[in-house]
Amino acid sequence: MSIISVEANGWPVTDGLGARRDGWRRLVRNPMAMVGGVVVVLLVAVAILADVIAPHNPTRQNYDALFQPPGGQYLLGTDNLGRDQLSRLVHGSRVALAVGVLSQAVVLVLGVSIGSLAALAGGWVDNLLMRLTDVVYAFPDLLLIILLSTALREHPLREVGGGLPIIFLAIGLANWVGVARLARGQLLALREREFVEAARALGAGNGRILLVHLLPNAVGPLIVAATFGIPSAIFAEATLSFLGLGIVPPNPSWGSMIQEGYQAIFAYPHLVLFPALAIATTLLGFTFLGDGLRDALDPRCSTNRSAAG
């Protein structure tokens, strides 16, 4: 049986399996969320099975098949170096998914840690950490990501995975502010509730209260924030690769594929069209799934939307 004990900033705080079952039912009844979920599952499957699905080596150059149109041996054609576009798209999904997930892991670790410390410590610690977040927030995200990735270009991690660790670290270090503010707001609303006071009266320390009582009840909005953050990270990586600051060639990336195809966009538009469609479909999939998770984890959100409609 599910018992709704309190609400934090409009997000229900629940106990028991019933609330999770209710959230799952609301999610599966949302057609757009299911479409997004299918896109995400397919992306994960393609990334895992890339070596099996890709018909050719994504980095192999065939100078006898330059700028081949879609069809025949190369279903999506070839680029200016004779590389198979389909194989590069398939392997590029690994980069997109890895950057999206790993950058959000960095965001959650930094954001939740800083937000939790600010909420529980209060006083000058809270003021100091919030002013730090204000300073980071003042920088445009993309500019900060470009600065960080450029500053780390000579780091030894640049040789790992085509520079993948540099990319997701730069994106994560530039985007933790929103999660820190969200975590702080959730924990501030929760820490004065009755069940937290009861735990404190029974002798629970701040660490136990945070891990057992506060974070589990704040996990819903954090999951939604991470889901929405993944497409933003994927787009940021594509932008960096388009500018030549992302994944090191010849490793395939959707952004670098667009940059390479842009040189011949009018003669061979498929070189830009297919990776752009891959990026757009992936972003829409995660966005639809994020909307569905928000509605599922916060029933008031879907109720308000229905009332507005």
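Between 0 and 90 degrees, rounded to the nearest ten: what's the tilt of helix 123-138 against the longest Cα principal axis of the chain?
That helix lies at roughly 20 degrees to the long axis.
Go ahead and set up a Gaussian network model of the chain, Cα springs under 10 Å, then flag whichever of 100, 220, 161 fluctuates most.
Result for the chain, Cα springs under 10 Å: 161 fluctuates most.
Who wins for biggest fluctuation among 64, 141, 295 in a Gaussian network model of the chain, springs between alpha carbons below 10 Å?
64
Roughly what would the spin-label model give for residue 130 and residue 206, points 7 Å off Cα along C-beta, in nm?
Result: 1.6 nm between the two label points.
Helix 31-48 versus the longest principal axis of the chain: what angle, 0 to 90°, nearest 10, using Cα atoms?
The angle comes out at about 60 degrees.
Under the rule of -39500 (n - 2.57) per DSSP H run of 4 or more residues, summed and divided by the residues of the chain, what mean residue ellipticity at 222 nm is obtained, to the nearest 500 deg cm²/dmol?
Details: 13 runs with 206 residues, N = 309.
One gets -22000 deg cm²/dmol as the mean residue ellipticity at 222 nm.
Between the helical axis of 164-174 and the dominant principal axis of the chain, each derived from Cα atoms, what acute angle in degrees is found, rounded to the nearest 10?
40 degrees
Which of the peptides 78-84, 203-209 is most tightly packed, and how do the rest follow, judged by the mean count of other Cβ atoms within 10 Å per residue?
Taking the mean over residues of other Cβ atoms within 10 Å, the ranking is 78-84, 203-209.
For Kirkwood radius over Cα pairs in Å, the choices are [x] 19.8; [y] 23.9; [z] 21.4; which was calculated from the structure?
This structure yields the entry labelled [z].
Ranked highest first by the average count of other Cβ atoms within 10 Å around their residues, in what order do 51-57, 144-150 fall?
Going from most to least packed, we get 144-150, 51-57.
Hey, can you rank 265-272, 189-196 by average C-beta count inside 10 Å, highest first? All intermediate terms of the calculation are to be shown ahead of the outcome.
On the way: 265-272: 14.9, 189-196: 16.8.
By packing density, highest mean first, the sequence is 189-196, 265-272.
Which of 137, 63, 74 moves most in a GNM of the chain, Cα contacts under 10 Å?
Fluctuation is largest for 63.
A short reminder: the numbers here are calculations on the coordinates, not readings from a lab. Since we're looking at a predicted model, the values are computed, not measured. Reconstructed Cβ throughout: ideal geometry from the backbone, glycine too, with neighbour counts over all protein chains shown.
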